[in-house]
1. For chain B, give me the percentage of DSSP beta bridges that are antiparallel, rounded to the nearest 5 percent.
2. Taking the Cα centroid of region A:275-341 and of region B:385-419, what is the distance between the two, rounded to the nearest whole Å?
3. What does the structure give for A:8-18 when I average, per residue, the other chain Cβ atoms found within 10 Å of the residue Cβ?
4. Can you tell me the order of B:306-318, A:224-236, B:189-201 when each peptide is scored by its average per-residue count of other Cβ atoms within 10 angstrom, highest first?
5. Quick one: among A:149, A:195, A:48, which has the greatest mean-square fluctuation in a GNM of chain A with alpha-carbon springs under 10 angstrom?
6. Count the DSSP beta bridges whose two residues both fall in region A:23-330, then state the antiparallel fraction as a percent rounded to the nearest 5.
7. Could you check which residue among A:295, A:167, A:128 shows the biggest mean-square fluctuation in a GNM of chain A with a 10 Å Cα cutoff?
8. Looking at the protein assembly as shown only, what percent of DSSP beta bridges run antiparallel? Nearest 5 please.
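Readers should treat all values here as calculations from the given coordinates under stated rules, not as data from a laboratory. Please read all numbers here as calculations on a predicted model, not as lab measurements. For neighbour counting, all protein chains shown are included, and Cβ atoms are generated from backbone atoms with ideal geometry for every residue, glycine included.
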Amino acid sequence: MTSIAKPKIVHRGLRRNALGLTIRDYEGGMSTLCAGCGHDSVTAAIVQAFFELDIPPHRVAKMSGIGCSSKTPAYFLGASHGFNAVHGRMPSIATGAGAANRDLYLLGISGDGDSLSIGLGQFAHAVRRNLDMLYVIENNGVYGLTKGQFSASADVGSKAKRGEENRQPPIDPVQMAMALGGTFVARSFSGDKDQLVPLIKAGIRHRGFALLDVLSPCVTFNDHEASTKSYAYTREFRHRVVNADFIPPREEIKAAYDEGEVMPIELHDGSRVLLRKISKDYNPHNRGAAIDYIRSHHRAGEIVTGLLYMDEGDPDMHGLNNTSRTPLNELPFEALCPGADALASLQRRFR
Amino acid sequence: MQPTKTDGTEYFHRVVDCQWGCPAHTDVPEYIRLIAQGRFSDAYLLNRTSNVFPGILGRVCDRPCEPACRRGRVEEKPVAICRLKRVAADHRDDVTARLPRAPAQKNGKRVALVGAGCASLTVANDLMPLGYECVIFEALDKPGGLMRTNIPAFRLPAHVLDEEIAYITDMGVDLRLSTPVESMRGLLEQGFDAVFVGSGAPRGKDLDLPGRHDSDRIHIGIDWLESVAFEHVSKIGERVLIIGVGNTAMDCCRTSLRLGASDVKVMARKPRAFFKASDWELEDAEEERVEIVVNHSPKEFVVEGGKLLGMKFDRLEYDIDERGRILDSRVVDEVMIPCDDVVLAIGQDNAFPWIERDVGVEFDKWDVPVVDPVTFESTLPGVFFGGDAAFGPKNIIWAVEHGHQAAISIHRHCHGAPLTERLPRGVNLTSAKMGIHEWSYSNDFDPAARRIMPHVDLKSRFKKLNIEVELGFSAEQVATEVERCLNCDLQTVFTAEACIECDACIDICPVDCLTITPNGEQEEIEARLKTPRLEPDQPLYVSAELKQTGRVMVKDENLCVHCGLCAERCPTGAWDMQKSTLVVPYAVHELAADETGSSEETCHRARRTG
């Protein structure tokens, strides 16, 4: 046998969601990534989140660029829409898809190479226009597909597998998104689904651009001792500051919390995100203080994770640009294409 | 929780549900793989090592392996293990040259075996190659015991029996047919080094109701089947009532249909859920239009002027609770069901009128001999019991296992070794990894449903008493059915030190049976499992604490399909698929151990050399 497929076994312990689907119905093709790749765990977290959110797979558009991370949409939500864009250009395609159909859940999957080097400009503008999507960066600090060269997120002092040391300062997508006015900024770790799954759920339900930077170790090229993005390093220096619990609409909050500890945020669809502070001196509503906190901890070698900043009030791209409420494919032909006379009169207004 | 102990033989044996369920520990997955490779003779001989009668058992085994089969938990129906065994038997080449042989040089020990049934034959099978002289005393004029007398030929053809019995007797067994043993004392006086009693449970239970002795059309099931088998009885009335609903009842009702009955009713006292008969035997009987009548308790035989008219029954009603237990019952009314013959199939007992009670064999208050469950020795040293004679009616495969164990005891007894210091079982583990994406077994999950055994059509099968109903699987059916086996002996073996907790195994597992979780009490861990624990009897495999977080890897063995994807996706080889081989000692290994002095080593070597 040259490759092994995951068999679809409907066993007795398998749960069904509100749509009557099992988690198997949210899976995709068999991963061809290296065994042990963090990206496969992110894939599994996405599968779990969409299953638990009861979202029909065909209502999702998976967008990606180029790289190991950008291959992963083939491995989840096999029954949804997808677009594998040119390197770094996924945000533009996603913007178009979102503008054309507001009813789709946009899920962008990118990597540190795709978003922080060739696609940096695209990424920055997607944040700036507050495109309604969940944008996941599967961040491993290396170019895995081309045999492990440092990427723009590699930390100073981190060593490659063959021993070279990185000397250029890293670009942190989290700090960047905060500085650019991002309305939902989170960081997590592929090896912690308890943290990751609620963040994916909240990011999908958030109206506006949700950045989720996931440390997702490259098991082949960046999981050695001198790496700062290995499983072991991430586990040791990860610092959880804010936990996010996602509560779907109409569901009671069952867990007991101490007063003053929890900050509930209501989302536009009635679901809630409960922010639980783990670190007392962290404030997920103060953009400036949050950036300072993350920067100073980064300097100390710590990786700050959790739902780091959230603002549900800002208008998203649809609000800013007054896009069509009805998906374009459902508009009658006359409305979608009003004819040459209408075009001519529009052009006259700009003369 | 403490890390699960897997170093003994029990843990990995238990995972192989069929082998664990089989009293004789037949290596089912291995023989199914051999069949898949077309190595029918090898599959047959592997079977024969543990169960001695593959051709017979492939047709009529009680198959405790099948209700145990994991496939039945993952889907609905277990692998057709028993009928695959028949495939190996049907398609084997001449294996006579590969069978054990008795040495020309005997060891000078003589063993008497009472009854030529499956238990005694197994003892002879195990002891003859060691140089023993085995004398079997059989009351009837043919060997086979209940396999011949109580199992009808349409289920078990005589030639299959003859062939497999001959494999044993041809080693030079002194088989004395038509020679009933009438006195244990007399037997002991003949100076045997050991005596094995494998005389079965030959006494069918009677039903002492009014009218029982007023007609000669009321038969005791096992006696009647024996008369049919020896052609002393060749017909029965048109309307027959079978009392009782065990497997003997199924044989009685189907035999009746072949002797001229057209209206056969099996009368059960309780509802269907309480039937003793195996589901498949019930199905086969119902396929032949036997009516199974529930909730009828026999009350009276109605006989007028010596002619049996029918039977009166109390019709019962039961109160059954949610867990299916009977709380109460009451009589609704009385019914009379007319019939020409009644066959009583309500159980059987072992009986030893020929053992003098002062000869030294102690009997308990139920008048059953006291027998050690490990050594099978009675209270009289050198006298052993096995099969139904030991602990009452069980089945063939249990009798075979008793025979194996008794043979070990007899060998030790004859050599003055303590019976209890027996060779231990062992488990060998070997990695099944052959290369990238390559495992030494067929690990692809085949979703095919269980194949259905083809039968001779209903018209033709009744023409003669001995037309075998089951035709055996076709080549296509075999090819599909072998792939349904989940290869449970390919164990998932975990090395905690190597794990980097990347979750790859958790994410890929198609039945969600893996969880990495903080350690805790069993209840806490169970609450955190990815899939709820459905079968508390199935073990949890808990690792040592993992290096990076101190959490533990937990595997619920219940649903694992042994696809090997956890090992396939593991970057560090923390998960490995390893073939487990259960090493079961037999009498021949005792002999080898005597010679080398090292028991375990010999046992392993003997296994390798077959």
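1. Details: 45 of 75 bridges.
Around 60 percent of the beta bridges assigned by DSSP in chain B are antiparallel ones.
2. Distance between centres, Cα-based: 77 Å.
3. Working: counts 3, 11, 5, 12, 11, 15, 4, 3, 0, 0, 0.
The per-residue average across the peptide is 6.
4. On the way: B:306-318: 17.0, A:224-236: 19.2, B:189-201: 21.5.
Going by the mean number of other Cβ atoms within 10 Å, highest first, we get B:189-201, A:224-236, B:306-318.
5. Looking only at A:149, A:195, A:48, the largest GNM fluctuation is found for A:149.
6. Details: 19 of 50 bridges.
Within region A:23-330, antiparallel bridges account for around 40 percent of the total.
7. Greatest mean-square fluctuation among the candidates belongs to A:167.
8. Numbers: 64 of 125 bridges.
Of those bridges, close to 50 percent are antiparallel.
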